[in-house]
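Have a look at the structure below before the remarks.
The values are calculated or read from the model by the stated rules, or taken from the named source; none is laboratory data. Keep in mind the model is a prediction, meaning the values are calculated, not measured. Neighbour counts are summed over all protein chains in view; Cβ atoms, including those assigned to glycine, are modelled from backbone coordinates with ideal geometry.
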Amino acid sequence: MSALLDGIYDGELSIGELLGHGNFGIGTFNALDGEMIILDGVCYQLRGDGTAEVASLEQLSPFAIATNFVPRLKLEAPDNLKRSELSQFITSHLPSENFMYAVRIRGHFHDVRVRTVSKQSKPYRPMTEATLEDEELLFQDISGIIGGFRTPVYEKGIGVPGCHVHFVDDAKSKGGHVLDFTLAQATIEVCPGTDLELRLPLTQEFSDASLAPDDLDQQIHDTEVKS
Ligand SMILES: [Zn+2]
């Protein structure tokens, strides 16, 4: 995540290899060409205009998180919850905040507000600048899946601390990086994680990147939370 913030938008890991590490996940593509969501072993690319399509196995990613999703906890969400209330609801059911959790929310949403990064060209700008022009899209009265991870604060810089989730609709035709949502009815599934394997790109750009800026918290907030 720190490398993305520094404008390192090209990685070496192919989608085919990534899928070998898990059937569920999120991330982005080389050149920041859209948001990624992996569901049931299929990798979807959510483009800047909000449209979705299945990614090819040869595409590369500079940043992705994947796991084999085994739901250990299944909860019926109280109806009509907002994002902040849902976070509290999930947290109250977790055994501890010190583990990693994959989270899948399936159901119907009153609204889902997303943004999607758009393809960058070289020379790459830092992510705080690259995401300034992101278009926000609002999907209303829509069925779909929100998938992503709840990451402990101590993993800051490797991932995005807190909840980082992406959305795709049931038809797998549109979605993006979730900024906000209101549930209608949904089922929440949680898969705890206690193993972290980290793959770093052996590129010159990554070798030269600045990965511990003083304002890391602010950069993560500006690019991922945006409110
Ligand atoms: Zn995202």
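Points to keep in mind about this one:
- Restricting attention to segment 5-35, the residues that are without any contact (Cβ under 8 Å) to a residue 60 or more places away in the chain, away from the ligand (no atom under 12 Å from the Cβ) and under 13 Å from Arg199 (Cβ atoms) total 5.
- Of Ser118, Ser56, Ser84, all but one fail to be out of contact with any strand residue (DSSP E or B) (no Cβ under 7 Å at 6 or more places or on another chain) and at pLDDT 95 or above; the exception is Ser56.
- Boolean, Glu97 is among the charged types (D, E, K, R), away from the ligand (no atom under 16 Å from the Cβ) and either buried (at least 17 other Cβ atoms within 10 Å of the Cβ) or assigned to a loop (DSSP other than H, G, I, E, B) (or both): yes
- Restricted to strands (runs of 3 or more DSSP E) entirely inside segment 106-198, those with at least 2 residues that are surrounded by 17 or more Cβ atoms within 10 Å (Cβ to Cβ) and more than 13 Å from the ligand (Cβ to nearest atom) are 136-151, 175-193.
- Residue count for segment 29-72, restricted to those that are under 14 Å from the mean Cα position of the chain (by Cα) and not aromatic (Phe, Trp, Tyr): 18.
- In segment 12-78, counting only strands (runs of 3 or more DSSP E) that sit wholly within it, the ones holding 1 or more residues that are buried (at least 19 other Cβ atoms within 10 Å of the Cβ) span 24-28, 35-39, 42-46, 52-54, 63-67.
- Evaluation of Pro213 against (1) of a type outside the set (D, E, K, R); (2) at pLDDT 95 or above; (3) part of a loop (DSSP other than H, G, I, E, B) (one fails), failing number: (2)
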